[in-house]
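Here's the structure we're looking at; comments come further down.
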Amino acid sequence: IHRTPRSETRPLPATSLEATVFTIASGSCATGELVEAALERDADGLVIEGTGLGNATAGIAEAVREASADGVPVVVPSRRLERRVTPVYGGDGGGERLREYGAIFAGDLPAQKARIRLALALEASDDEAGIRDAFAESQT
């Protein structure tokens, strides 16, 4: 099978990666302290590398809620090799809870690509809808 190399990602109208975006991994016993530290350093956005389908610990979920309430966009990719995230579980740190708290799911983008896309989206758009739209194609 051969195809001409091409990007399958919709380009964003930004050329700067000046936005400060921190990537934080979720895992057993992870608290929200790293999220809080990123916010104290004036993070423009956060990428929370979730487990499984895009889940986090209860401590990280609470910090995500606070970040979203403060207007800081939070994007959730998965650290799994298959990567697709879907807000399914509704427990304290489940993906559905993160979605309720305002998190944006990165579809099948890995954390490093979600971080770059979020930085570009922050430069290209001043509102939450524009940032969410930057990840909309990843959801299909």
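The values are calculated or read from the model by the stated rules, or taken from the named source; none is laboratory data. Since this is a predicted model, take the numbers as computed values, not measurements. Using ideal geometry, Cβ is built from the backbone for each residue, glycine included, and neighbour counts are taken over all protein chains shown. Just the protein is used for accessible areas: all its heavy atoms, side chains included, with ligands, DNA and RNA removed. Shrake-Rupley method; radii C 1.70, N 1.55, O 1.52, S 1.80 Å.
Values for this structure:
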quantity	calculated
Rounded to 5, percent antiparallel among DSSP beta bridges of the stretch 11-81	10 percent
Ellipticity estimate at 222 nm from DSSP helix runs (n ≥ 4, -39,500 (n - 2.57)) divided over the chain, nearest 500	-10000 deg cm²/dmol
Per residue value of the accessible surface for the chain (all protein chains in place, 1.4 Å probe), Å²	55 Å²
Calculated log₁₀ intensity ratio I(q)/I(0) where the Debye formula runs over C-alpha points of the stretch 20-140, q = 0.13, 0.16, 0.17, 0.23 Å⁻¹	-0.40, -0.62, -0.71, -1.39
Area of residue 86 that stays accessible when all protein chains are in place (1.4 Å probe, Å², to 10)	60 Å²
Among beta bridges that DSSP assigns inside the chain, antiparallel share in %, nearest 5	10 percent
Cβ-derived FRET efficiency at R0 35 Å, residue 86 paired with residue 17, nearest 0.05	0.80
Residue 101 accessible area, assembled protein chains, probe 1.4 Å, Å²	60 Å²
Candidate residues 49, 18: accessible-area rank, largest first, probe 1.4 Å	18, 49
